[in-house]
Amino acid sequence: MRATRMYFPTLREVPTEAEMDNHKLLLRGGFIRKVSSGIYDYLPLGYKVIKKIENILREELDKQGALEILMPALVTADLYKETGRWDLDVLFKLKDRKDAEYAIGFTHEEIVTDIIRKDVKSYKELPINLYQIQTKGRDEQRPRGGLLRTREFIMMDAYSFDKDWEGLDISYDKMYKAFARTFERCGISAKAVSADSGAIGGKDNQEFMLITDQGEDTIVVCPKCGYAANNEKCEVGERHKSPKEDPKDLELVPTPNAKTIEQVASFLKISPKKLVKTLIFKGKKGVYAFLIGGDRELNESKAARVVGEKSVKPADFDIVEKVTGAPVGFAGPVGKLQVDKVIADNDIKNMINFVVGGNKEDHHYINVNLNKDFTPDAFEDIVIARKGDGCAFCDGTLTEEKGMEVGHIFKLGTVYSEGMDAKFLDDDGKEKPFIMGCYGMGVSRMPASIVESSHDKDGIIWPISIAPFEAVVTLVNQNDEKQCQFATRLYEELTLAGVDVLLDEREERPGVKFKDADLWGIPIQIVVGKGVSENIVEICLRRDKIKENINIEKATEYVLKKKRMLLNELNEKANKY
Ligand SMILES: [Zn+2]
């Protein structure tokens, strides 16, 4: 490609709308443009990167036996209504001229299950694994980070259908391999961590996380046994033990104007660790009290799971007043508490003489003790894991890292097939629901993740596999005949040799061209300048900028060698899977 025929509107100034480096660089380099909140144009350079990522992904998925399809982006409401997902607030909904309802697909479990239930009747036809690469819509509350969290995005979603759980394990492992290899080939070192299944539901699942300080997710890791999980999911092992002391007598004490944990602790002159929060939550089936340490946060997913609800949310003021007999802020488990279940975090088991709300305005109970003053219905792990907690699988101590989600794979099981009555006839003559897995990769967020983890002050450093161009030939002086001749010759030779090369022959100052080549992050840079008088061109890699003078006769061969080396580095990492 000749730069004079290319469209790449670069910006010298850092756009004010962008906070994260990847967003700034993708805007500055002319890869993307914002259309409206969370909605972007992919310009030629940006779309080239995306297409290269898609092609690597296709190769890896096809290798694992997955089959590419394309489902509609416009999904009829009936399908989402079958599983209750029509009510999710992330859906973009619309009506046609006959008032029929639709949503823009945000993930396609229902649609693909509908395909399979219509035509697949026998175990003999299984397993089947279908995938698509498609634009999706999600009405995100807070789009951010440029391409990282958008309202319209390109996603690869795959769905496996097996006759039994063993089959699902095999399908899942194949997809794990396809994902891990794709990330490595795209230059992303992603860590697979256990994750919460959130709104999709299901059993085991793992997120692929790019570890970076800029990540929006917290990953909790055990350095000892290697356990890694999203903090939303992370199981917490043995906690800190309270020092031994003798149980004292329960006492209701006034705590005027003390509402927050800090205020109560400072009023009572005790450590916040002595306080137990009683949180009143509501689900579809009932109202619950969750007891957690004053310095901890409730993990709503864990909490919902232990009470058998899909989700729970804080109860409204009137419900809190009704079940505790006091205004919000004074709930406690001692005495009258009209809830369906009282669940205490495992931490509470070890506590002695602690403080809880008094179920009375401006009052707290002090010297509360288990079994003597109240007994919860159960002790469970219901808090968000954090640094310093014990590992649930060994005697290690958990640490935290920041990560960016780039993929997510689930063992769905029968959540959708049962919900949508999708069954097949097994070899024992019985009808059974399909055992499903689903696998998602955020294709359009991958360039953002890659740039975030691979850039310097001058611009992007693309891995060669997905760079918008593998090499750039920069013509220093477009009015110098010999330089023109050399640059054109190299450009043609490289193109013939299969290198995706850009010839920068624009009427620009050399400084501008060099700056752009760095900003665009093209991995192999060839400069055709004054050296031509001695048949020399200058070649360097974007990542280290170590320049080598190469004879024009050997230049193509040299570039090919560098290209193979860069690709091999990525492939070697992928081949570990
Ligand atoms: Zn461990």
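Where a number appears in this text, it was derived from the coordinates with a stated rule and is not lab data. Since this is a predicted model, take the numbers as computed values, not measurements. Cβ: placed from backbone, ideal geometry, glycine included. Neighbour counts: every protein chain shown.
Summary of computed values
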{"read-out": "Using θ = phi - 60° and Karplus 6.51 cos²θ - 1.76 cosθ + 1.60, couplings along region 347-353 (whole Hz; Gly, Pro as x)", "value": "3, 5, 3, 8, 8, 10, 6"}
{"read-out": "Sequence-distant residues sharing a close amide H with G332 (under 5 Å, placed H)", "value": "N359"}
{"read-out": "Region 251-380: antiparallel DSSP beta bridges as a percent of all, rounded to 5", "value": "65 percent"}
{"read-out": "Gain in span if fully extended, E68 to R509, counting 0.36 nm per residue against the direct Cα distance", "value": "154.1 nm"}
{"read-out": "Mean Cβ neighbour count within 10 Å, used as a protection proxy, ranking 48-58, 147-157 highest first", "value": "147-157, 48-58"}
{"read-out": "Positive dipole terminus of the chain, leading residue within L337, I384, N571 (C-beta point charges)", "value": "N571"}
{"read-out": "Dipole magnitude of the chain about its Cα centre (Cβ charges: Lys, Arg +1; Asp, Glu -1), debye to nearest 20", "value": "620 debye"}
{"read-out": "Total charge dipole magnitude, region 213-354, about the Cα centre, Cβ charges on Lys, Arg, Asp, Glu only, Debye to nearest 20", "value": "380 debye"}
{"read-out": "Translational diffusion coefficient (Stokes-Einstein; Kirkwood radius from C-alpha pairs) of the chain at 25 °C, 0.890 mPa s, in µm²/s", "value": "90 µm²/s"}
{"read-out": "Label point distance in nm, K248-V35, each placed 7 Å from Cα along Cα→Cβ", "value": "6.5 nm"}
{"read-out": "Length gained when the stretch D164-A77 is fully extended (0.36 nm per residue, less Cα-Cα span)", "value": "28.3 nm"}
{"read-out": "Burial ranking of peptide ranges 374-387, 432-445 (average Cβ count within 10 Å, highest at the top)", "value": "432-445, 374-387"}
{"read-out": "Under Karplus coefficients 6.51, -1.76 and 1.60, residue-wise ³J(HN,Hα) of region 37-52 in Hz, glycine/proline x", "value": "3, x, 10, 10, 8, 9, 7, x, 5, x, 6, 4, 4, 4, 5, 5"}
{"read-out": "Hz values of 3J(HN,Hα) by residue in region 93-109 - Karplus curve (6.51, -1.76, 1.60), Gly and Pro given as x", "value": "10, 8, 10, 8, 5, 9, 6, 6, 9, 9, 9, 6, x, 10, 5, 10, 3"}
{"read-out": "Between helix 165-185 and the chain: long-axis angle, C-alpha atoms, 0 to 90°, nearest 10", "value": "50 degrees"}
{"read-out": "Neighbour net charge for V220 - beta-carbon separation under 10 angstrom, K R +1, D E -1", "value": "-2"}
{"read-out": "Gap separating the Cα centres of region 294-360 and region 493-558, nearest whole Å", "value": "66 Å"}
{"read-out": "Gain on full stretching of the segment that runs from K285 to E492 - 0.36 nm per residue minus C-alpha separation", "value": "67.5 nm"}
{"read-out": "Most to least packed among 256-264, 510-518 [average Cβ atoms within 10 Å]", "value": "510-518, 256-264"}
